[in-house]
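Each remark here refers to the structure printed beneath this line.
The values are calculated or read from the model by the stated rules, or taken from the named source; none is laboratory data. Since the structure is predicted, the reported quantities are computational estimates derived from the model, not experimental observations. Cβ coordinates were reconstructed from backbone atoms using ideal geometry, including for glycine residues, and neighbour counts include every protein chain displayed.
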Amino acid sequence: MMLIAAGWITILLLVGGLALDRTLTAQVTQQFDEQLDYLLTAMIGSAEIGPQGEVYFNRPLGDQRFLEPNSGLYWQISGEGQEDWPSRSLWDRTLNVRTDVAHTEPHFYDSEQFPAETLRVVERTIRLPGSDVDWQFVVAGSRKELNEQIADIRWIVGWSFAVLGIGLFLMAMLQTWYGLSPLRRVRRAIARIRTTGSNRVTDPLPQEVQPMVEELNALLAHVDRQAEEARTHAGNLAHALKTPLTVLTNAATANAPDLGQTVLREAGTMRRQVDHHLARARAVGRRAGGHARANVLEVAEAVERAVGRLYPAVRFDLVGNATAQVAIERQDLEEILGNLIENAAKYGGGSVFVTVDPNPDDSQCSIWVEDDGGGIAEADRLRLFARGARLDTGQPGTGLGLAIVRDVVEIYGGSVELGESEDLGGLLVSVRLPRAAA
């Protein structure tokens, strides 16, 4: 920021300095030209034609420098076919004047005709009364004084702009340093979090950085929640694996005759628990990626085709909003609908009805999965969400389907409820998920 400020200050001061230099130089030069034009006008006003056709002044010119040799101020009158009439200040020199070019208005230019003396010249062509010759009236002044004035102006402008630039840069540097001081305080507060074990930034900070501090505290709280969830699920997995491992250890120590069956049974239990926690961990990881989006009807159709191959005798009906999209990864939505539709096909009476987004104006998107089975008593519905809970042990399964559905839905901020289908008479599973942002 300080380098950018220094660069812009330098550029702007250079541009401003050049513009000011041009303006002041033009004004000083204009004043010098006005003085020359005033003398030229006085010459023309005093000039008359003599008896021999020569030019003379009816009154002397007022500036004494015209009489002093090499004074730096000169005049000359020239005419085509006439002898030049120079001022005494020219001494033995003459001004180079083109008599073949007429300037009815004052014409200013610089001349290098004299060695070591640059001249500022103004000339004008006049035909005097009683003469048929176009006379060139010329006044020339040395640029030495003019150049000295311009040099003085440039010196003043240069050092004043240099002081101004240094002052502006120091002010920009102080402003930047002071403006960024809250960020240094935030850095020190974060360092104290790391060294003291605190989990929030509680230091009093300026209002300008308070939104950032609030977001930082929210991030720290989110990290704490994730860490607590990780500890909780690690503990749950350890607890779930502890009992099968104890059973296996006891059976192996006692040389139980059904050791092989025990190993297979308990290994299956452990595998189901690991699959459940892996599914939840994958959902948490994908949720952290952000910007999740899935079209519900497309996913439901894909799941329906897959389940239909496993249960060809079951009739599937799918209706709903084709544009409904939810803020959830497609793989996780497939996991949810796969478990629900497969359970409906497995435990229902042969008909499965899936409705997508029946209330488009609702803030969340609803998905209904209904079957024509025997349904579930209200007292058993909450128990069915427990890991390993199964009401029908005659069908193959792990008892983790609804538990996985509930965990994944809650990870994405949704909810799942069990009810009774009004149309089919069996179980109604209602899932609500947040809609994807437009």
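Checked against (1) within 56 Å of the chain's Cα centre (by Cα); (2) surrounded by 13 or more Cβ atoms within 10 Å (Cβ to Cβ), VAL122 passes all but condition (1).
Among the residues of the range 31-59, the ones that are hydroxyl-bearing (Ser, Thr, Tyr) and either in a loop (DSSP other than H, G, I, E, B) or more than 15 Å from ILE77 (Cα to Cα) (or both) come to 1 in all. Among the residues of the range 307-320, those that are surrounded by fewer than 16 Cβ atoms within 10 Å (Cβ to Cβ) and within 46 Å of the chain's Cα centre (by Cα) comprise LEU318, VAL319.
If you go through the range 4-25 one residue at a time, do you hit one that is in contact (Cβ under 8 Å) with a residue 60 or more places away in the chain, in the same structural domain as LEU128 (by TED's automatic domain parsing) and part of a strand (DSSP E or B)? The answer is no, given that none of the residues of the range 4-25 is in contact (Cβ under 8 Å) with a residue 60 or more places away in the chain, in the same structural domain as LEU128 (by TED's automatic domain parsing) and part of a strand (DSSP E or B). Among the residues of the range 320-353, the one identified as under 14 Å from VAL405 (Cβ atoms), touching a residue at least 60 places away in the same chain (Cβ under 8 Å) and small (Gly, Ala, Ser) is ALA344.
Of the residues in the range 349-361, not one is over 14 Å from VAL431 (Cα atoms), among the hydroxyl-bearing types (Ser, Thr, Tyr), modelled with pLDDT under 90 and in the same structural domain as VAL409 (by TED's automatic domain parsing).
Quick grid of which residues meet (1) assigned to a strand (DSSP E or B); (2) among the acidic types (Asp, Glu); (3) over 30 Å from LEU36 (Cα atoms); (4) out of contact with any helix residue (DSSP H, G or I) (no Cβ under 6 Å at 6 or more places or on another chain):
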residue: LEU128; (1), (2), (3), (4): no, no, no, yes
residue: ALA140; (1), (2), (3), (4): yes, no, no, yes
residue: SER160; (1), (2), (3), (4): no, no, yes, yes
residue: GLY167; (1), (2), (3), (4): no, no, yes, yes
residue: PRO182; (1), (2), (3), (4): no, no, yes, no
residue: ARG188; (1), (2), (3), (4): no, no, yes, yes
residue: PRO204; (1), (2), (3), (4): no, no, yes, yes
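Residue by residue, here is whether (1) within 30 Å of ALA191 (Cβ to Cβ); (2) surrounded by 11 or more Cβ atoms within 10 Å (Cβ to Cβ) holds:
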residue: GLU214; (1), (2): yes, yes
residue: THR232; (1), (2): yes, no
residue: THR243; (1), (2): no, yes
residue: THR246; (1), (2): no, yes
residue: PRO257; (1), (2): no, no
residue: GLY268; (1), (2): no, yes
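Counting the residues of the range 350-373 that are under 18 Å from TYR311 (Cα atoms) and either charged (D, E, K, R) or in a loop (DSSP other than H, G, I, E, B) (or both) gives 5. For the range 131-142, the count of residues that are modelled with pLDDT of 85 or more, under 60 Å from the mean Cα position of the chain (by Cα), surrounded by fewer than 20 Cβ atoms within 10 Å (Cβ to Cβ) and not β-branched (Val, Ile, Thr) is at least one.
ASP317 meets the conditions (1) assigned to a helix (DSSP H, G or I); (2) without any contact (Cβ under 8 Å) to a residue 60 or more places away in the chain in every case but one. The failed one is (1). Within the range 328-348, at least one residue is among the aliphatic types (A, V, I, L, M), crowded, with 16+ Cβ neighbours inside 10 Å and within 38 Å of the chain's Cα centre (by Cα).
Residue-level analysis places ALA227 outside the set of residues that are modelled with pLDDT of 80 or more, among the hydrophobic types (A, V, I, L, M, F, W, C) and either in a helix (DSSP H, G or I) or under 30 Å from ILE404 (Cα atoms) (or both). When we screen ALA140, ALA116 for residues that are within 30 Å of GLN52 (Cα to Cα), assigned by TED's automatic domain parsing to the domain that holds LEU12 and not hydroxyl-bearing (Ser, Thr, Tyr), the only hit is ALA140.
Among the residues of the range 125-183, those that are in contact (Cβ under 8 Å) with a residue 12 or more places away in the chain and charged (D, E, K, R) comprise ASP134, ARG143, LYS144, GLU145, ARG154.
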